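Nothing in this text is a laboratory measurement; each read-out follows from the coordinates by a stated rule. Just so we're clear, the structure is a prediction, and the values are computed from it rather than from any experiment. A quick note on method: Cβ atoms are made from the backbone with ideal geometry, for glycine too, and the neighbour counts reach across all protein chains shown.
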């Protein structure tokens, strides 16, 4: 009976080592995700909003006489403000995504390793850090959606400006 119990404990220990290594591997994969969030996520939305600002400024300089001191300047100002706010939010979003991934990584680091099933158990701290990560992720989603909405509203103001300029150029 003693030999059989020792054999079961050896198997259990082997299973625990496998579970612990899988847990460590999961943590190391999350570190890579944190890096990818901080670089890739900042590029695309920021470039789109900055390009919109450049296009708007180019349009304004080409049509300055028609826009300056008129209703068109209000369209220009609104569009520029909306595009600028979109840029600010696109810079904020990847930073928040970075912190959410750090929260998830810290959550994994705070899980407790055991030699009996289940071999990896969440702790109170790991559950709290996981919740923080989820809350930050939801906030980031809201910020990204808001940024896209501001970009669309800025585009709409830009279209109103273009319409204003075209109408002004047609009339004598």
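Taking every alpha-carbon pair in segment 47-98 and binning the separations at 5 Å intervals from zero gives 4, 21, 24, 19, 13, 9, 5, 4, 2, 0 percent. By other beta-carbon atoms within 10 Å, ranking 98, 64 with the fewest at the front produces 64, 98. Where only DSSP H runs of four or more residues are counted, the chain gives -32500 deg cm²/dmol as its mean residue ellipticity at 222 nm, each run worth -39500 (n - 2.57).
How would you classify segment 131-172 from its alpha-carbon gyration tensor, with a ≥ b ≥ c the square roots of the eigenvalues: rounded for a/c under 1.5, else prolate if a/b is greater than b/c, otherwise oblate? It is prolate, given that a/c is not under 1.5 and a/b is the larger ratio. With neighbour counts taken as other beta-carbon atoms within 10 Å, the residues 10, 2 rank, fewest first, as 2, 10.
Students often get this wrong, so try it: which of (i) 1.74; (ii) 1.13; (iii) 1.09 is Cα Rg over 2.2 N^0.38 Å as calculated from the structure shown? Structure-derived value, by its label: (i).
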